[in-house]
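Below you'll find the structure, written out as structure tokens, and then a few comments.
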Amino acid sequence: MSPADTPPPRRLDVTFAASWGATPDPAGRGGLLAFDDRIHTLLGILLSYPDVRHVLPDQVSLDPATEPQVLETLRLFLQRQRWLVRSVAVV
């Protein structure tokens with residue numbers, strides 16, 4: 001398989017609840033990288049999946065070969081965090 005045939009990485013795009021918004025914390029971090037114990041725990045869980053490549057404030061990048069079941073599991077897990085997340089889209 002040549003690099004041109006390699007599928008692009010998959011990702012989850014996260015939209016946050018109004019109370020969290022897009023405003024960074026005092027350290028300039030926001031979203032999934034905000035300084036909050038609950039988000040720190042959430043980030044640890046996300047990073048425990050071997051398919052997760054990296055996390056940005058509003059995105060979780062996954063390996064291109066990630067199975068659809070894993071994508072759905074992660075999407076549902078994030079979606080259940082109603083205190084933080086309004087919606088999650090698989091891209």
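The values are calculated or read from the model by the stated rules, or taken from the named source; none is laboratory data. Predicted, not measured: the structure shown is a model, and the values here were computed from it. Cβ: placed from backbone, ideal geometry, glycine included. Neighbour counts: every protein chain shown.
Quick look at the numbers
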quantity: Hits in segment 55-72 (condition: surrounded by fewer than 13 Cβ atoms within 10 Å (Cβ to Cβ) and not hydrophobic (A, V, I, L, M, F, W, C)); calculated: PRO64, GLU67, PRO68, GLN69, GLU72
quantity: Hits in segment 56-84 (condition: modelled with pLDDT of 95 or more, within 17 Å of PHE16 (Cα to Cα) and of a type in the set (A, V, I, L, M)); calculated: VAL60, LEU74, LEU76, LEU78
quantity: Count of residues meeting criterion [of a type in the set (D, E, K, R), under 20 Å from SER87 (Cβ atoms) and either at pLDDT 95 or above or in a loop (DSSP other than H, G, I, E, B) (or both)] in segment 20-55; calculated: 1
quantity: Unmet criterion (only one of (1) over 15 Å from THR15 (Cβ atoms); (2) out of contact with any strand residue (DSSP E or B) (no Cβ under 8 Å at 6 or more places or on another chain); (3) in contact (Cβ under 8 Å) with a residue 12 or more places away in the chain; (4) not polar (S, T, N, Q)) for ASP36; calculated: (3)
quantity: Matching option when the condition is in contact (Cβ under 8 Å) with a residue 40 or more places away in the chain, in contact with a helix residue (DSSP H, G or I) (Cβ under 7 Å, 6 or more places away or on another chain) and β-branched (Val, Ile, Thr), among VAL52, VAL60; calculated: VAL60
